Amino acid sequence: MGLISAVVNATRSTLGDQFEEYVECPVVEKNVMITRGIVRHGKGNKNPSDGVISSGSKIVIPHGWAMMLVDNGKITEFSSQPGEFIYYHDSESSIFYDGLEEGVVNAMKTIGNRMTFGGQTARDQRVYYVHLLNVMGNKFGSAQPKKIMDEKYGIIEVTFFGEYAYKVENPIVLVNHVLGANAKDEVTFEEVMGGQLKQEFVEQLTKAISEVMRIKKVSFGDMGLYGSDISDKMNEILSASWKDKYGLVVTDVAIGDINVTDASMERINKIDDAIIFSDAKLQSGLMASASSEALKNAAANEAGAMVGLAGMNVSSQAAASLMAATHQESENAGKFNFCPQCGAKVENANFCPQCGAKLNKG
């Protein structure tokens, strides 16, 4: 058995058209993942047999599809290379995995020999086509807030949404798992992805986001810039369930937005404030900005600029006292830690007395 390019064997193909079967992929809806090929008997075939593809038959493979011929439950031919091929019984089995990983060869050797379909006749040959192009526009979202570990703010609760893309990388694994002993003429994307796999994607995405944040040392607000890194991490996490079992891989993840819950935002603000007021340089910058704004307001004071400036001097003296206290606090910063969980200031302790979180003393 084997496939030979119809271009190479154009003469034999033309002569054989009177007798061969002609196998092609049917016109399908966009949501079709696997479909059985249509077998059309040649004009010269006066006594065609259902379930039998004659030697010399032509098999057409459209762009973006893989083809496999299953002979009595065993995959005997495979190609992801588009074009027209002639099928001969007296040739060696062929594998054309154009654009796919070489793993399909091993899959054909191991899985192809044990694939069985229920209710087979004595001779049952089928051609299946598998969609290989990227399946884009798959929306995801967290129905409930998810906990992620942020390098700066610790554990925070977020909701997120976006879209992801995936594709079939190993059609043999997919067909074996999805069809199994119950052969069907058509399988949709929804049948494969609509339940457990989609739910698992959303659940594991939280883990992938946290891992990328840790590796890249970035905060949650920047995760929209790391779509390819999240895709790679998702494939690593989903390998056992997506790739090994279904032959599927994630090709892209686009996060539309990440929003923190009100409770987490309150804690984030506390931590940001604690960071600012523990840094004399940042505090000086804030004071300079505030002084500039105060000068503008003084000049516009209805009672006169001098009155406005007098009020500003009183405020400046108070601010100077605050800065002096802040500076003194910054000099003693080695005695204190700020809890990454709740933002509380902790003196000479390994654990936060407010929430119990472990502290990294600097």
Q. Just one of the numbered conditions (1) modelled with pLDDT of 90 or more; (2) over 19 Å from Ala183 (Cα atoms) is not true of Ser49; which one?
A. (1)
**Q.** Meets criteria (in the same structural domain as Ile172 (by TED's automatic domain parsing), among the hydrophobic types (A, V, I, L, M, F, W, C), at pLDDT 90 or above and within 10 Å of the chain's Cα centre (by Cα)) for Leu248
**A.** no
Q | Unique match (being over 21 Å from Thr261 (Cα atoms), touching a Ser or Thr at 6+ places or on another chain (Cβ under 8 Å) and surrounded by fewer than 19 Cβ atoms within 10 Å (Cβ to Cβ)) among Asn138, Asn134 | A | Asn134
Q. What do you reckon, is Asn106 over 20 Å from Ile38 (Cα atoms), modelled with pLDDT under 90 and in a helix (DSSP H, G or I)?
A. yes
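Restricting to the range 195-244, name every residue that is among the acidic types (Asp, Glu) and either within 29 Å of Asp272 (Cα to Cα) or more than 12 Å from the chain's Cα centre (by Cα) (or both). Spell out how you get there, then give the answer.
Step one: filter the range 195-244 for residues among the acidic types (Asp, Glu), giving 200, 203, 211, 222, 229, 232, 236, 244.
Answer for the range 195-244, where residues must be among the acidic types (Asp, Glu) and either within 29 Å of Asp272 (Cα to Cα) or more than 12 Å from the chain's Cα centre (by Cα) (or both): Glu211, Asp222, Asp229, Asp244.
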Q. Among (1) over 23 Å from Pro145 (Cα atoms); (2) small (Gly, Ala, Ser); (3) outside any helix (DSSP H, G or I), where does Ser228 come up short?
A. (3)
Q) Which is among the basic types (Lys, Arg), free of Cβ contacts under 8 Å to residues at least 60 places away in the same chain and surrounded by fewer than 16 Cβ atoms within 10 Å (Cβ to Cβ), of Lys217, Lys147? A) Lys147
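For (1) under 30 Å from Gly73 (Cβ atoms); (2) assigned to a helix (DSSP H, G or I); (3) not β-branched (Val, Ile, Thr), each residue gets a yes or a no:
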position: Val202; (1), (2), (3): no, yes, no
position: Ala208; (1), (2), (3): no, yes, yes
position: Ile215; (1), (2), (3): no, yes, no
position: Asp222; (1), (2), (3): no, yes, yes
position: Asp244; (1), (2), (3): yes, yes, yes
position: Ala274; (1), (2), (3): no, yes, yes
(Q) Given the condition modelled with pLDDT under 65, surrounded by 15 or more Cβ atoms within 10 Å (Cβ to Cβ) and not in a loop (DSSP other than H, G, I, E, B), answer yes or no: does some residue in the range 34-46 qualify? (A) no
Q) So, in the range 169-184, of the ones that are modelled with pLDDT under 90 and not in a helix (DSSP H, G or I), which residue ends up surrounded by the most Cβ atoms within 10 Å (Cβ to Cβ)? A) Ala183
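Okay, residues lined up against (1) under 15 Å from Phe201 (Cβ atoms); (2) hydrophobic (A, V, I, L, M, F, W, C):
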position: Phe220; (1), (2): no, yes
position: Ile230; (1), (2): yes, yes
position: Glu236; (1), (2): yes, no
position: Ala240; (1), (2): yes, yes
position: Lys243; (1), (2): yes, no
position: Gly247; (1), (2): no, no
position: Asn259; (1), (2): no, no
position: Asp262; (1), (2): no, no
Q. Can you tell me which residue in the range 171-191 is farthest from Asn235 (Cα to Cα), limited to those that are among the β-branched types (Val, Ile, Thr) and out of contact with any Leu (no Cβ under 8 Å at 6 or more places or on another chain)?
A. Thr188
Q | Condition met for Leu197 (among the aliphatic types (A, V, I, L, M), in contact (Cβ under 8 Å) with a residue 12 or more places away in the chain and surrounded by 19 or more Cβ atoms within 10 Å (Cβ to Cβ)) | A | no
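The values are calculated or read from the model by the stated rules, or taken from the named source; none is laboratory data. Since we're looking at a predicted model, the values are computed, not measured. All Cβ positions, even for glycine, are placed from backbone atoms using ideal geometry, and neighbour counts span all protein chains on display.
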